[in-house]
Amino acid sequence: MSPKPIRKAVFPVAGLGTRFLPATKVVPKELLPVVDRPLIQYAVDEAREAGIEQMIFVTGRGKTGIVEHFDIAFELEQTMSERGKDLSVLECTRATPGDVIAVRQQVPLGLGHAIWCARAIVGDEPFAIFLPDELMVAREGGTGCMKQMVEAYNDVGGNLISVLEVPMEQVSSYGVIDPGKTDGALTEVLGLVEKPPVDEAPSNKIVSGRYILQPEVMRVLENQGKGAGGEIQLTDAMAKMIGQQPFHAVTFDGARYDCGSKVGFVEATLAIALSRPDMGADVRAIALDLLK
Ligand code: UTP
């Protein structure tokens, strides 16, 4: 029997984005554009490609622009139509009525707490989570990260996280898995630890911003205290579910850019600009010139 389909995705977007100040004083980090699309658009497109219908944004103060982005801008569209401009560029911002939902995280108490804020909308269904500041780009002709995860989920069910390997000295900034058996891109997860010291890290496979979780995680989060950094950590809640339900990691076949950091953001911008048929050649020439 195939597992329950993944119809809902939670996008925690209530963080303060302090690493990008002053840019993020007024503009949410998730609306910063990589070339000409805000980060949140890449994540929502990836969700749609994976067959997800309902987008649940966990927002905070100053973040309502994210919901506006997926609304119809009537005056803009009318003016553009009158001027004979092409509206197709806005197509990806149109949500199916009722499929964008926002809940509020009043105080940014951590990622785990942000997810828990969506519990009433998620209900009793498995769901996906996207951290939009991690930009996952499919290989040319390949599929996105969440689609790869949903395909794996259809085989093994339970909980899945996407992972990637980093140099060992970097693990203390991330959630790290204790890996079990590996079969192709799928690895059994035996344990999870948030931001471990390098000499205590069980591997160099880090959790990378995409999850498929069973609804029971909400009940675990409900009773969870603060973890690393004084925040309610999603990693700690997931760690408690290992052994109770199937838990696997999927190594994404594609590229991942950490757009929560400035260098990662610039890297993503360059990589996407270079890959675009409409500007790649120009950007390459400019980059080579700058490097002279
Ligand atoms: P980050 O750790 O990147 O934090 O959160 P941040 O606030 O976005 O950015 P910095 O570190 O201050 O620059 C990871 C994800 O979890 C969300 C963020 O919005 C981001 O998508 N988050 C984090 C919340 O929604 N609420 C929280 O309380 C914490």
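The values are calculated or read from the model by the stated rules, or taken from the named source; none is laboratory data. Owing to the predicted nature of the structure, the values given are computational and were not obtained by experimental measurement. Neighbour counts are summed over all protein chains in view; Cβ atoms, including those assigned to glycine, are modelled from backbone coordinates with ideal geometry.
Looking only at the stretch 143-157, decide whether some residue is of a type in the set (D, E, K, R), under 19 Å from the mean Cα position of the chain (by Cα) and assigned to a strand (DSSP E or B). No, the stretch 143-157 has no match at all. Give all pairs with beta carbons closer than 6 Å in which a residue from the stretch 24-48 that is more than 19 Å from Gln148 (Cα to Cα) meets a residue that is away from the ligand (no atom under 15 Å from the Cβ) and of a type outside the set (Ser, Thr, Tyr); count only pairs at least 6 apart in sequence or on separate chains. Partner pairs satisfying both residue conditions: Val34/Ile272; Val35/Ile272; Val35/Ala273. Inside the stretch 1-22, residues that are within 15 Å of the chain's Cα centre (by Cα) and within 15 Å of the ligand (Cβ to nearest atom) make up a count of 8. Ile101 meets the conditions (1) under 24 Å from Pro215 (Cβ atoms); (2) surrounded by fewer than 11 Cβ atoms within 10 Å (Cβ to Cβ) in every case but one. The failed one is (2). Of Gly243, Gly254, Gly227, all but one fail to be away from the ligand (no atom under 16 Å from the Cβ), touching a residue at least 60 places away in the same chain (Cβ under 8 Å) and within 23 Å of Pro179 (Cβ to Cβ); the exception is Gly254. The single condition among (1) modelled with pLDDT of 95 or more; (2) more than 23 Å from Tyr153 (Cα to Cα); (3) of a type in the set (Lys, Arg) that Lys292 does not meet is (1). Checking the stated criteria, Ala237 turns out not to satisfy the condition of being in contact with a Lys or Arg (Cβ under 6 Å, 6 or more places away or on another chain) and within 20 Å of Leu109 (Cα to Cα).
When the residues of the stretch 23-34 are filtered to those that are near the ligand (Cβ under 10 Å from one of its atoms) and not hydroxyl-bearing (Ser, Thr, Tyr), the one that is farthest from the chain's Cα centre (by Cα) is Pro28.
Counting only strands (runs of 3 or more DSSP E) that fall entirely inside the stretch 163-281 and contain at least 1 residues that are among the basic types (Lys, Arg), the qualifying elements are 175-183, 205-213, 254-258. Taking the stretch 1-58, which residues are of a type in the set (Lys, Arg), surrounded by fewer than 18 Cβ atoms within 10 Å (Cβ to Cβ) and under 23 Å from Gln105 (Cα atoms)? Those that are of a type in the set (Lys, Arg), surrounded by fewer than 18 Cβ atoms within 10 Å (Cβ to Cβ) and under 23 Å from Gln105 (Cα atoms): Arg7, Arg19, Lys25. For the stretch 205-220, a residue qualifies if it is of a type outside the set (D, E, K, R) and more than 20 Å from the chain's Cα centre (by Cα), and exactly one does: Val220.
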